[in-house]
Amino acid sequence: EDVAALLAEPLLNGGSRMSVAPGRIQANLVSCTGAQFCGFALIETKNNAVEVAAKLEERVELDRDVRIHWTGCPNSCGQAQAGDIGLMGGPAKKMNAEGKMKAVPGVKVFLGGTIGEAGKLQLEAEPDAIALDDLVPSLTELLINNFGAKLKPEFEAEHKEA
């Protein structure tokens, strides 16, 4: 009866993930349980998914929904192959302070899965895994190049450095 009072509830406002108006990425985010609760997962998915989605929403503007699916392992409970962008946990390589390549937590990226009657799974991942630490700039670039995202002006200098 009192919709205005309901919409004013703190749970549905501010930085809450229970927002009644989530962004085009956050509203379409899918994640498996991840390493926090699953012994098969190679990475923690849920917290990373929420954190990365929030950072992407902060950096870019989109005219369409983008489905980012996270899964912690090849069992693909998060259905990474069905997402516009699918992220599957696994090792990535990153240069350490001594200049040597080291295995770090990362994701394989699947681009272009679709859902619906004519849906298709994207079974081929991009060749190089991305370290979780490097994921936001990489996904920002993917969103700009593949999904028509526009970088917000306040992030242009930061994006050029990445």
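The values are calculated or read from the model by the stated rules, or taken from the named source; none is laboratory data. Note that the coordinates shown come from a computational prediction; the quantities given were computed from them, not determined experimentally. In this analysis, Cβ positions are derived from the backbone assuming ideal geometry, glycine residues included, and neighbour counts consider all displayed protein chains. Heads up: the accessible areas ignore ligands, DNA and RNA and are worked out on the full protein's heavy atoms, side chains in. Shrake-Rupley method; radii C 1.70, N 1.55, O 1.52, S 1.80 Å.
Starting from residues that are in contact with a Gly (Cβ under 6 Å, 6 or more places away or on another chain) and among the β-branched types (V, I, T), keep the ones in region 1-60 and report whichever is most open to solvent (accessible area, probe 1.4 Å).
V30
Under the condition of being of a type outside the set (F, W, Y) and under 21 Å from V104 (Cα atoms), which residue from region 61-71 is surrounded by the fewest Cβ atoms within 10 Å (Cβ to Cβ)? Give the derivation first.
Residues of region 61-71 of a type outside the set (F, W, Y): 61-69, 71.
Then drop every residue that is not under 21 Å from V104 (Cα atoms), which leaves 69, 71.
Values: H69: 26, T71: 30.
Residue satisfying both the conditions and the ranking: H69.
Identify, from the list L132, L142, the residue that is open to solvent by less than 100 Å² (accessible area, probe 1.4 Å), closer than 22 Å to V60 by Cβ and touching a Pro at 6+ places or on another chain (Cβ under 6 Å). Steps first, answer last, please.
Working: L142 fails: touching a Pro at 6+ places or on another chain (Cβ under 6 Å).
None of the other options fit; the residue is L132.
Could you please tell me which pairs satisfy a Cβ distance under 9 Å, a separation of 6+ or placement on different chains, a first residue in region 113-130 that is outside any loop (DSSP other than H, G, I, E, B), and a second residue that is among the β-branched types (V, I, T)?
As it stands, the answer is I130/V107; I130/V109, since those pairs meet every condition given.
Pairs needed: first member in region 87-105, of a type in the set (S, T, N, Q); second member anywhere, in a strand (DSSP E or B); C-beta distance under 9 Å; at least 6 residues apart or different chains.
Sorted first by the residue in region 87-105, then by its partner, the pairs are N96/K102; N96/V104.
Looking at region 53-78, I want the residues that are under 20 Å from P91 (Cβ atoms) and have a partner that is in a helix (DSSP H, G or I) and open to solvent by less than 40 Å² (accessible area, probe 1.4 Å) with Cβ atoms under 6 Å, at least 6 apart or on another chain. Which pairs are those?
If the second residue must be in a helix (DSSP H, G or I) and open to solvent by less than 40 Å² (accessible area, probe 1.4 Å), the pairs left are H69/A80; W70/A49; T71/A80.
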